Structure formats: structure tokens, C-alpha cells
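Asks: Pasting a structure below so you can have a look.
No lab work stands behind these numbers, since they all come straight from the coordinates. On a predicted model such as this, the values are computed, not experimentally measured, just so you know. Ideal geometry is used to build each Cβ from the backbone, glycine not excepted, and the neighbour counts take in all protein chains shown.
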Amino acid sequence: MNDILKQDIVTLVKLQEAETEIVRLQAVLEKVKKEKTKLESRLNQFKNALVQNKEELKKAQTACRDSESEIQIVDDRIIKSNENLRMVKTNKEYQVLLREVDDNKKRKDAFETELLDFMDERERSESIVKESEKEYSLLAEQILAQQAEIEKKCTDDKELLEEYLVRQKDIGKSLNPSLMERFRKISKMNNGLAVTGVDNAVCLGCFMNIPPQLFIEVQRGSSLISCPQCSRILYHVNTD
Ligand SMILES: [Zn+2]
């Protein structure tokens with residue numbers, strides 16, 4: 001019975017060694033993931049700006065086209081009125097048509113002035129889009145390279161994590177499932193440190209003193225003792 005328990009403690013310590021590495025590597029990889037996400041969202045900002053600028057350009061192009069077709073319509077009316085002018089018989093008809101031509105010419109002038117503004121706007125939009133496209137593709141290239149580099153740097157860590165996970169699973173096979181469950185639970189509560197040494201009656205997990213009677217039990221190693229402060233499973237570290 002006692003031998004089995006001692007073996008359990010040895011196994012738990014090994015399990016903890018793997019757990020410590022797993023938690024460390026997971027933190028490193030989590031940080032890497034965040035870094036990549038940050039880069040991605042920065043690129044997305046530029047992408048959104050580009051989409052918006054393109055939208056503005058589209059609006060300006062439509063305004064120009066609409067204005068041009070208005071001018072065309074008025075122009076057609078002027079031509080028609082001028083044709084009619086040659087065929088009128090009375091002075092009154094003549095005056096009416098003349099005024100019509102005059103009105104339409106004024107409208108055409110107004111449309112043309114408007115068109116000039118729209119064309120300016122279109123030109124401005126075009127250059128903004130061009131600039132925005134350039135910025136975006138430059139940044140996309142940069143960010144892709146940065147992400148690839150980050151990915152390359154953490155390849156080893158990823159492999160190592162896999163190794164430790166497999167190793168931990170193997171170590172855990174010899175442990176009672178309920179003890180494994182206990183280890184998992186305590187580890188989760190304590191940032192990945194479930195099994196810790198006791199040195200000179202001090203828990204090395206929370207650095208609090210262990211009551212003397214409990215310390216004796218830990219030294220004896222005849223039962224699994226948890227730290228009253230941090231609940232970690234304790235084992236005796238022989239420093240003598
Ligand atoms: Zn403790």
C-alpha cells in the first residue's frame with residue numbers, strides 16, 4: 001500500500017513537470033495568437049478604409065454620369081427648339097420658343113457648372129483610391145511576412161507542446177483516474193501548479209508554513225496531503 005502511494009507521488013511529480021511545461025508553452029502560443037490577431041485587425045482597418053473610398057468614388061462617378069445625361073437631355077431640347085424656330089409663323093410662337101431656348105441654355109449652364117464640381121470630386125476620389133490601394137497592398141505584404149515569421153518562430157513550441165501532452169498522457173496512465181481528476185482540478189485552480197514540494201515546513205506553492213503535524217505526515221509520505229492554504233498536493237523535498 002505504502003509503495004503504491006510512493007509511486008503515485010513520483011508519478012504526480014512527473015505529471016507536474018510536464019504540466020508546468022505545457023502551461024508555459026500554451027501561454028507562449030496564446031500570446032503569439034494574439035499578436036497575429038492584432039496584425040490581422042490592423043490590416044482589416046486598411047481594408048475597410050479602401051472599401052469606403054471605393055464607395056465614395058462610385059458615388060462620384062454616378063453623379064458625373066447623371067449630370068452628363070441631364071446635359072444631353074437639355075441639349076436635345078435646345079436643338080429641337082431651334083429646329084422649331086425655323087418653322088414658326090407668328091411672332092408670338094417665335095417669342096415662346098426663343099424663351100424656351102433661353103431657359104434651356106441657362107439650365108445647361110447650371111448643369112455644366114455642377115458637372116465640373118462632380119468631375120473634381122471624381123478626380124479627388126480616384127487619387128484617394130489609388131493611394132489607399134497602394135497602402136493596403138504594401139501593408140498586406142508586410143503583415144503576411146510578419147505573420148509567417150511569427151508562425152515559423154513558434155513551430156518548435158507547437159511541436160514541443162504536442163510532445164509534452166503525449167508524455168503527460170502516458171505518465172497519467174499509471175495513475176488512478178480519480179487522482180488524475182484531482183490533479184486536473186487543482187492545476188486548473190492554481191495556474192497549472194498542482195503538485196508542489198514542501199521544504200522546511202514551507203509549501204513551495206504558496207510559501208506558507210505547514211502545520212507541524214501535517215509536515216510530519218508529508219515527510220512520512222504515507223498519505224496524499226494537500227496544502228491547507230492553496231490545496232496543492234504536497235511532497236517532501238529532501239534538502240539535507
Ligand atoms: Zn500551499
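Asks: Can you run phi through the Karplus equation (6.51, -1.76, 1.60; θ = phi - 60°) for the stretch 30-42 and list ³J(HN,Hα) in whole Hz, with x for Gly and Pro?
Replies: With coefficients 6.51, -1.76 and 1.60, one gets 5, 5, 4, 4, 5, 4, 5, 5, 4, 4, 4, 6, 5 Hz.
Asks: Of S178, S137, S41, which is the most mobile in a GNM of the chain whose springs link Cα atoms less than 10 angstrom apart?
Replies: It is S178.
Asks: Also, quick follow-up: Less than 19 Å apart at the alpha-carbon level, and either on another chain or at least 8 residues along: which aspartates and glutamates does that give for K6?
Replies: Here the aspartates and glutamates satisfying the reach criterion relative to K6 are E17, D170, E181, D199, E217.
Asks: Where a Cα-Cα gap under 22 Å defines reach, which lysines qualify for K188, not counting those fewer than 8 residues away within the same chain?
Replies: K14, K31, K33, K34, K158, K169, K173
Asks: Calculate, in nm to one decimal, what N82 and N191 gain on full extension: separation in residues at 0.36 nm each, minus their alpha carbon distance.
Replies: Once the chain is fully extended between N82 and N191, it gains 30.2 nm.
Asks: Net charge within 14 Å of K130 by Cβ-Cβ distance, Lys/Arg positive one each and Asp/Glu negative one each, not counting K130 itself?
Replies: Values: positive: K54, R122, R124, K134; negative: E56, E123, E126, E131, E133, E135.
Net charge in that neighbourhood comes out at -2.
Asks: Further question on the same structure: Please report the antiparallel percentage of the DSSP beta bridges confined to the chain, to the nearest 5.
Replies: For the chain, the DSSP antiparallel bridge percentage is about 55.
Asks: Would you kindly derive the ³J(HN,Hα) couplings of the stretch 92-101 from the backbone phi angles with the Karplus curve 6.51 cos²θ - 1.76 cosθ + 1.60 (θ = phi - 60°), listing them in order in whole Hz, with x for Gly and Pro?
Replies: Computed from phi, the couplings for the stretch 92-101 are 4, 4, 4, 4, 4, 5, 4, 5, 4, 4 Hz.
Asks: I would also like to ask the following. Select from V96, V32, V218 the residue whose mean-square fluctuation is largest in a Gaussian network model of the chain (Cα-Cα springs shorter than 10 Å).
Replies: Comparing V96, V32, V218 in the GNM, the peak value goes to V96.
Asks: Tell me, what is the FRET efficiency for E133 and E112 to the nearest 0.05, using R0 = 25 angstrom and their Cβ-Cβ distance as r?
Replies: Computed FRET efficiency for E133 and E112: 0.20.
Asks: Continuing with this model, one more query. Need the list of aspartates and glutamates near K54 for cross-linking: C-alpha distance under 17 angstrom, and skip anything on the same chain fewer than eight residues off.
Replies: Answer for K54, where 17 Å is the Cα cut-off: D120, E121, E123, E126, E131, E133, E135, listed by chain and number.
Asks: Just check the stretch 176-236 against the gyration tensor rule for me: Cα atoms, a ≥ b ≥ c as the square roots of the eigenvalues, rounded for a/c under 1.5, and otherwise prolate or oblate depending on whether a/b exceeds b/c.
Replies: Verdict is oblate for the stretch 176-236.
Asks: Taking amide H atoms as placed 1.01 Å from N in the peptide plane, list the residues 5 or more away in sequence, or in a different chain, whose amide H sits under 5 Å from that of V202.
Replies: I210
Asks: Could you tell me which trypsin sites (Lys or Arg not before Pro) in the stretch 51-130 are loop residues by DSSP with no more than 14 other beta carbons within 10 angstrom of their beta carbon? If you can, show how the numbers build up before the last one.
Replies: On the way: sites: K54, K58, K59, R65, R77, K80, R86, K89, K92, R99, K105, K106, R107, K108, R122, R124, K130; in loops: R86, K89.
In loop regions of the stretch 51-130 (DSSP not H, G, I, E or B), the sparsely surrounded trypsin sites (Lys or Arg not before Pro) are R86, K89.
Asks: Now, a different point. Cut-off 10 angstrom, C-alpha nodes, Gaussian network model of the chain. Which of E19, E35, E181 fluctuates the most?
Replies: Checking each option, the largest mean-square fluctuation is seen for E181.
Asks: Would you calculate the separation in nanometres between label points at E40 and K169, each defined as 7 Å from the Cα along the Cα-to-beta-carbon direction?
Replies: Distance between label points: 2.6 nm.
Asks: Measure out, as a whole number of angstrom, how far apart the alpha-carbon centroids of the stretch 104-148 and the stretch 156-222 sit.
Replies: Centre-to-centre (Cα) distance: 63 Å.
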